[in-house]
Amino acid sequence: MHKLCPNCQSTRITTLDRGKKVGGVIGTVGGAASGVAGAMSGAEFGGTVGVMAGPAGVALGSIAGAIIGGLVGAATGGITGAKLGEVVDQRVLDNYQCLDCSYVFNQNTD
């Protein structure tokens, strides 16, 4: 089913996805921040695992654990933020734009 512009009846419609983009950025930043806390426990775990390889293993294990914790936090936060933003796009924001007349509208404008 094609969307029609309520202003000019064109079928040349695009989505703006502003909520999804902003939510993804905010989620990534927030996830990275919480990932720092997770990175500390990841570094602790990595250091414990690295004990078997000696002092160099402890250092490398701690660094690897911290990096992985931060990346996992950022990825999880980004995905969650983007999904939340997608819901905001669909239900709250005017997410559709006509490519012919530049009219912006939401999906309930039919």
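Between residue 71 and residue 94, what length in nm is gained on full extension when 0.36 nm per residue of separation is reduced by their alpha carbon distance?
Once the chain is fully extended between residue 71 and residue 94, it gains 5.0 nm.
Which residues' amide hydrogens lie under 5 Å from the amide hydrogen of residue 103, considering only partners 5 or more residues apart or on another chain, with H built in the peptide plane?
For residue 103, whose amide H was placed from the backbone, the distant partners under 5 Å are 98.
Among 56, 64, 39, which one shows the biggest mean-square fluctuation in a GNM of the chain, springs joining Cα atoms closer than 10 Å?
Highest fluctuation of the listed residues: 56.
What order do you get for 7-17, 88-98 when each peptide is scored by the mean count of other beta carbon atoms within 10 Å, highest first?
88-98, 7-17
Roughly speaking, what is the centre-to-centre gap between region 9-36 and region 54-109 when only Cα atoms are used, to the nearest Å?
If you average the Cα positions of each part, the centres end up 6 Å apart.
Residue 29 to residue 63: extension gain in nm, 0.36 nm per residue of separation minus the Cα-Cα distance?
Taking residue 29 through residue 63 to full extension adds about 10.2 nm, to one decimal.
Take every Cα pair under 8 Å in the chain that's 6+ residues apart, average their separations, divide by the length, and report that relative contact order as a whole percent.
Worked out over the chain, it gives 38 percent.
What size of dipole, in debye to the nearest 20, comes out for the chain about its Cα centre when the only charges are +1 on Lys and Arg C-beta atoms and -1 on Asp and Glu C-beta atoms?
Charge dipole, the chain, about its Cα centre: 60 debye, nearest 20.
Here, each number is a calculation from the coordinates, and none is a lab measurement. From a predicted model like this one, the values you see are computed outputs, not experimental measurements. Note: ideal-geometry Cβ built from the backbone for every residue, glycine included; neighbour counts use all protein chains shown.
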